[in-house]
């Protein structure tokens, strides 16, 4: 494999590939000059999904989901080699005059330069720094989750799992009139971030019971069990985590039936049912980007590294790194 240069030449592009489960590398990427309906984007930043992307990195996508879990501009096939990712922010270098020189978000893997259809990029709204815009896919997931959950004014809402998606869900829910939102996590350091976003924090042992609505985003069976335990009579538990090939055991023999609980899944690939007739994916992304203009959300981007270090960063995140929320990758 050729050595990745510290600064890519104008005609060159480099991409991160998962070469085998648990191992990534940098490859030269070929791309053609854009057609009149396309744009060429020079990446500024990208974000790593600690949920889905790390499951892909570990080779944990079930064979039954190989097609459904494809990223929009994925190359290769699961489990590997595969070029995967969906949180790229860059500047349009070539394309229609209305987009030329503009900063955009694109659901594209980690790559220094790329060419996509012009309608695949989303303009960053005024006031949104590119470095924060890497959270766009996570915010889109959070928006869709609340559409699926349908909280009501005055609800007591528990969010189990203080990762990026969980914290964004809590922040959005906390802006609803009268709602009391509590984030539950086993990692005490997340208290500072949660409270900085204006929501309460508790450990699983100290969490408030009888929530009207529970959203689960911890990615663990223990977290989902906590979510069921916190739900009040006839409450809904919305499952946001995706477990890949892992089996999950649930305590459905305790109060699950007597409390008449509802366990419901949410997934961002489809616009939530209640909104689908009126909202396109593009409109939903525009909303997500507009919501990211809040400076307090910078607290969710806890780490950064240059693109050349991305393979090592993926390995480190897969090994744990509990203090990391969103890890941003910066491009030369």
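The values are calculated or read from the model by the stated rules, or taken from the named source; none is laboratory data. Computed from a prediction, not measured in an experiment: that's the story for all the values here. Because the Cβ atoms are built from the backbone with ideal geometry, glycine has one as well, and the counts that use them run over all protein chains shown.
Structural remarks
- Screening segment 214-321 for helices (runs of 4 or more DSSP H) wholly inside it with 1 or more residues that are out of contact with any helix residue (DSSP H, G or I) (no Cβ under 8 Å at 6 or more places or on another chain) and closer than 21 Å to residue 50 by Cα returns the ranges 221-230, 310-319.
- So residue 204, is it touching a helix residue (DSSP H, G or I) at 6+ places or on another chain (Cβ under 6 Å), assigned to a loop (DSSP other than H, G, I, E, B) and free of Cβ contacts under 8 Å to residues at least 60 places away in the same chain: yes
- Members of segment 93-128 that are within 18 Å of residue 331 (Cβ to Cβ) and free of Cβ contacts under 8 Å to residues at least 40 places away in the same chain: 101, 102, 107
- Qualifying residues in segment 17-37 (those that are surrounded by fewer than 20 Cβ atoms within 10 Å (Cβ to Cβ) and in a strand (DSSP E or B)) - the one farthest from the chain's Cα centre (by Cα): 28
- For segment 103-149, the strands (runs of 3 or more DSSP E) that sit wholly inside it and include 2 or more residues that are buried (at least 23 other Cβ atoms within 10 Å of the Cβ) and in the same structural domain as residue 304 (by TED's automatic domain parsing) are 103-106.
- Taking the conditions (1) in the same structural domain as residue 27 (by TED's automatic domain parsing); (2) under 15 Å from the mean Cα position of the chain (by Cα); (3) in a helix (DSSP H, G or I) in turn, residue 324 satisfies each one other than (3).
- For segment 309-326, the set of residues classified as within 17 Å of residue 22 (Cβ to Cβ) and at pLDDT 95 or above consists of 309, 310, 311, 312, 313, 314, 315, 316, 317, 318, 319, listed by residue number.
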